[in-house]
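*Asks:* Below: one structure in structure tokens.
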Amino acid sequence: MRSDLYERDFYTWTQDQAARLRGLAGRNDLDVAHLADEVADLGKSELNKTRQHLLQAFVHLIKLLASPDDQPRGHWLAEVRNQLRQARDAYSPGMRQHIDLDRLWQAALSDARDQLADYGDAGPFPDETCPFALAELVDGGLTVDSALERLRET
């Protein structure tokens, strides 16, 4: 049932509805092409939002690991929690194949290095490969403490 898909997997629903709208092109007086593009873009927007929240969570995790400065730690901890919560809220299962965690992780490493370099912090920095699975990031099973512990081990 399509309405059930809307509740379970918004991203997949948007892509399915866009494809169905495109199939109606020329059959009615609706601007089907533009409607389909807009519906598809809704899903892409949620996908981009999910990616951005994961990226920001990663940046703050890396800064927590790499910076010896105690002052910003409370803010960074809150940011990780907030960004992961927002990623969970925006995520739907159909996004899975469109989220490249290693690519996001590498971008986060670059961003964190740049941000910490501005303050003279040099690391240590974790490996280039993301140590987390998407499922644990979006199901709420990963805590900030367990994430930091894993990063320290790598």
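*Asks:* Set the Förster radius R0 to 30 Å, insert the Cβ-Cβ distance between Asp139 and Ala117 as r into 1/(1 + (r/R0)^6), and round the FRET efficiency to 0.05.
*Replies:* Once the sixth-power term is evaluated, E becomes 0.35.
*Asks:* How far, in nm, would the chain grow between Glu7 and Ala78 when pulled straight, counting 0.36 nm per residue and subtracting the alpha carbon separation?
*Replies:* 22.7 nm
*Asks:* Which of the listed residues, Leu116, Val39, Ala147, is farthest toward the dipole's positive end in the chain, when Lys, Arg count +1 and Asp, Glu count -1 at the beta-carbon?
*Replies:* About the Cα centre, the residue reaching furthest to the positive side is Val39.
*Asks:* To test your reading of the geometry: what angle, between 0 and 90 degrees and rounded to tens, separates the Cα axis of helix 101-117 from the longest principal axis of the chain?
*Replies:* 40 degrees
*Asks:* Just want the answer: with Cβ charges of +1 for Lys and Arg and -1 for Asp and Glu, which residue in Leu5, Phe132, Ala90 is farthest toward the dipole's positive end in the chain?
*Replies:* Positive-end residue among those listed: Leu5.
*Asks:* Going by average Cβ density within 10 Å per residue, which order do the peptides 30-38, 77-85 take, highest to lowest?
*Replies:* 77-85, 30-38
*Asks:* Ok, one more. Quick one: order Ile62, Ile99 by neighbouring beta-carbon count within 10 Å, fewest to most.
*Replies:* Starting with the residue having the fewest Cβ neighbours, the order is Ile99, Ile62.
*Asks:* If you don't mind, there's one more thing I want to ask. Could you size up the charge dipole of region 1-102 around its Cα centre, putting +1 on the beta carbon of Lys and Arg and -1 on that of Asp and Glu, and report it in debye to the nearest 20?
*Replies:* So the magnitude is around 220 debye.
*Asks:* For region 12-21, just list the computed ³J(HN,Hα) in residue order, Karplus coefficients 6.51, -1.76 and 1.60, θ = phi - 60°, integers in Hz, with x standing in for Gly and Pro.
*Replies:* 5, 4, 4, 5, 5, 5, 4, 5, 5, 4
*Asks:* By how many degrees, between 0 and 90 and to the nearest 10, does the Cα long axis of helix 32-66 differ from the longest principal axis of the chain?
*Replies:* 10 degrees
*Asks:* Rg (Å, one decimal) plus Dmax (Å, integer) for the alpha carbons of region 46-153?
*Replies:* For region 46-153, the Cα radius of gyration and maximum Cα-Cα distance read 13.1, 41 Å.
*Asks:* Separate question: Enumerate the amide H contacts of Cys130 below 5 Å, restricted to partners 5 or more residues apart or on another chain; note that Pro and chain-start residues carry no placed amide H.
*Replies:* Asp102
Values in this text are rule-based calculations from the coordinates and carry no lab data. Since the structure is predicted, the reported quantities are computational estimates derived from the model, not experimental observations. Note that each Cβ is placed from the backbone with ideal geometry, even for glycine, and that neighbours are counted across all protein chains shown.
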